[in-house]
1. Based only on other Cβ atoms within 10 Å, what is the fewest-to-most ordering of B:Ile30, C:Ile125, B:Ile290?
2. Looking at the protein assembly as shown, what % of its DSSP beta bridges pair antiparallel, to the nearest 5?
3. Based on DSSP, what percent of beta bridges with both residues in the range B:526-633 are antiparallel, to the nearest 5?
4. Given the options C:Asn22, C:Asn45, C:Asn109, state which has the largest fluctuation in a GNM of chain C using a 10 Å cut-off (strictly under) for Cα springs.
5. Tell me, what ³J(HN,Hα) does each residue in the range B:170-179 have, in order and in whole Hz, if you take phi through Karplus 6.51 cos²θ - 1.76 cosθ + 1.60 with θ = phi - 60° and put x for Gly and Pro?
6. How high is the relative contact order of chain A, in percent, counting Cα pairs under 8 Å that sit 6 or more residues apart?
7. Compute the FRET efficiency between B:Arg113 and B:Ala206 as 1/(1 + (r/R0)^6), taking r as their Cβ-Cβ distance and R0 = 56 Å, and round to the nearest 0.05.
8. Per residue of chain B, what 222 nm ellipticity follows from adding -39500 (n - 2.57) for every DSSP H run with n ≥ 4, rounded to the nearest 500?
Amino acid sequence: MLREEELKTFVDGTTRYFEVAAQQPATIGSPYLLEGEPAIHDYTGIINISGKREGVVYFTAPRAMLTVLLMKMQESDFSHDSMRDLVGEVANTISGNARRDFGHDFVISVPSVFAGDKPQIPQQPGARAFVIPIHWRSHSAKLVVSLT
Amino acid sequence: MQLSGIDRNRRLLTAAAGIVLAAVMSLVLIIGFRLATQIRAGVAMLQQASELETYPAVVAEQLTALRQRLDTLEYTGRVHAELAASVSGFDRDFGALEHQRTLDPAAVRAATRLWRSYAPVLAPVLAYHGEPYSDTATSSALSRNGRVFYAHVRRAELFAAGHTAALHRELATVSGALQAQTASAAARLRLLLSVGVLAVLLLGLAAAYLQLARARGEHAARAAEEQTRDILATVREGFFLLDADYRIGAVWSQALTHLFGRSDFAGLSFEELLRDKVSPETLNTAMKFIKLLWGDRAHENLMKSINPLGQLEVSMDSGRGGKETRYLQFDFHRVMGPGGVKHVLCSVGDITSTVLLTRELHEAQENAHAQVDMMLGMLHSDPLQLGAFLDGAAASLKHVNAILKEPARHHGEFSKKLGGLTRELHALKGEASALNLMSIAQRVHHLEDMVAELTSRSELTGNDFLPLVLKLDELLAHLRGVREMTLRLTALKEGPSAAGSADSAAPSAAGAVGTGELGTALHSLARKLAHDHGKDFQLTLNGLAECPSAYLPTLKDCLIQMLRNAAVHGIETDGVRRAGAKAGAGQVRVDFRRLQNGYELLFEDDGAGLLPETLKAAAVHKGILSPEQAASLDDRSALGLIFKPGFSTSEQVTMDAGRGAGMDVVAKAVYGLGGKIGVSTHPGRFTRFKIALPAISETAVA
Amino acid sequence: MSNAPDTVARRPVRLLIVDDSNIVRRRIERSQQFDDLQVVGTAANGFEALELARRTDPDLVTMDLTMPQMDGIECITQLVRLKPAVRILVISALADKATAVEAMERGANGFLDKPFTDRQLNEAIAELMY
């Protein structure tokens, strides 16, 4: 079962990414348990985790948020590829931090990035998905952590 | 190392001072001896020179005396001999003086020249022999020889008179020079002695100063050493130096003894120190890490984050005879010398309390898991009621999650959730307590406490709700576990596939038991029961899809119960069936029908049926009826006994029937739904249960 | 590491950035605050990095570890062989100790965790180059 400090590692990693990359911390909204279909925004960076814990962590964000984030990072390229790159990097960084916190036996895949509303998110049997809304400026994204 | 270096320098300095002192002293002595010899020779010569000075006057006087004797015709032999002695003495002494190298040659040369000029004049005088007088009877007079001799003497006297003063002056000059020379030698000797004394004094002073400084240095070094020792004995961290062979140096802090439970650190290899404490992989990585410090590529400040011994779990003697787990933090720093890295300083700290603090929560949760097992012992409660409760709880928690899911960004929005959460949780806790489900009640209570704690906060953020949602997840998992266990204990312990259906029958959505899954579960249970009890029967299910979802969970529990009863008590073994002329396999039929004003469930087996007498005997045996009451009971009422609480033959815990799962429970569940239950039987032919349930509108289901 | 006084003219530090993420590459490029540092190239994988290192002769390379085709560890190994004097700063979120130590063993000079602040990046570069 997911422990609080583990969940916090993912959450803090996410908010810290915003703080570090865009000099403006993200806040987290009211967390809840996922029921039914995953809530997906325009771009989703997914990382499969195996080893000590099995499951997925994904960061999904609307195009508008990523655009502003890129702007804050002084990017001028708002292309599709740039958006994909950004969510992938967020997901990768979050999980990398987690791996550092949890040790070597946390095996993390290279992020796969999906655009659109139907990504193939592998369901981990027996793992409930925690949805943590990530609010940044006027935008909202979601961090979903589903680990056994 | 440094202290001994200073020591060595001091010793070298002292030795050098001694050598210098000896050298100076021998120099003074040698020069002094030579000077003294020179002075002695000088003094002797001076004496000679002073004697020499008198010769010219003596020679002149003797010549005059000789001439006067000739004038008065006196005897001249003695005077002549004295003159000859004087001249030869002068020659001898002067010759000796001439050979003195130390004399001023110019002064001696002048005296020599002058004395040599005497020689031609003196020679005829000294060479004279014989009697200078010729005697007559009356008088004596100079003979012819005598007159010549007289003339020579007279000439020599005059020469001497003219040169005596000059010769004396020259000789005085020579002796003056000699005197000056001797005086200067004496002065030099005095100076030398003074210098010698001064040098000895200075060296003595220097030696004394050095000795003093050394004493002071040694004192300071001892004090420093003592302070170092005090620090190493007191500091709470372990400190030691590693050399290029990864061996521990001679100096280390006392804390190591406690940290590693040994004291033989000096010379111990780092690998040896950790071998029993860490995994070979970690040790390997750690050794590579330290090796990086000896290289010149890696920057110490840029590798702190990859230290593999940043938090090391080790097992050590607790000092009370047992083992305990401690967490150590190793830090490594280069110690630079002139030729590069000299040592690696390693510090070891015990960070156990920090680590344990962060793990407290985790352990608390481990304990919670252990409670699941404890809870199993308490599962004496009515399984159907439990099922109903679990359904209600799932619905309630679904609502809780819905409250959480409401978007919120600010304190006000977060705060608004708390009231609804409290109400929902409080009601759930009440139900759980009422059913004596303490493991559930405790969890809900904990959740309620967390919500109450949030209520008192002035500034709420999403972070504050993270523990809540985790706790909610844990509670849901617990409920899932309880449901699973309940099903296993009451009915499905035999079948893994049936247990699988229990999983699928326990989703988070309330009451969402699929009828298809129910059918599968019942069939596999039937197969399992038939196999386990050596019975041969077939299960036929009809119309279960008609069942409204609100009834399904209860119906499922009832059917499982009745199926089990039928398999254990109803259907006979093959032999019995053949003896009774029945068709080979037993039949169990379930028919569910929608009626005009409700629903009907028929459950029928073609087994042994119920014998009123057997039922009465059991009731008497259980103390439900007195033998008299039993005797007066008619058959119909006897059949009704099976719905009485505490009657069920399965009340006893047996492998066959589980526990607390009699028909009384089924009846109670049916009554709970507002339904009715009846039984009819024909001994040796069949047993039939009929359950009537009231109409229900699908949309009214929570 | 040069102790030469500032008045002595020094060739600008030539920086090669290696990371498979475009954003990280630009981030590093933008965040460095040294007047005499010149970004001579950016590469998205090990092969590109080696090719660029041959052409641009960098003094400093920032290196990601997880990259497609040729990963950071292999790239460091070959880079050190190619340019022994080059300084390598690993910038990676994949911070398991054994891999990190291996990267250092292969010749990296320092390790910086992702994500990093501008300050951390600049301090790390200063530590390596000034």
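1. The most exposed by this proxy come first: B:Ile30, B:Ile290, C:Ile125.
2. 75
3. DSSP beta bridges in the range B:526-633 are roughly 55 percent antiparallel.
4. Result: C:Asn22 has the largest fluctuation of those listed.
5. 5, 5, 5, 4, 4, 5, x, 4, 4, 5
6. Once divided by the residue count of chain A, the mean separation gives 37 percent.
7. 0.45
8. It lands at -21500 deg cm²/dmol.
Any read-out appearing in this document is the output of simple, stated calculations on the displayed coordinates, not a laboratory observation. Predicted model only: the values in this text are computed from it and were never measured. Counting neighbours? That spans all protein chains shown, and the Cβs are built from the backbone with ideal geometry, glycine included.
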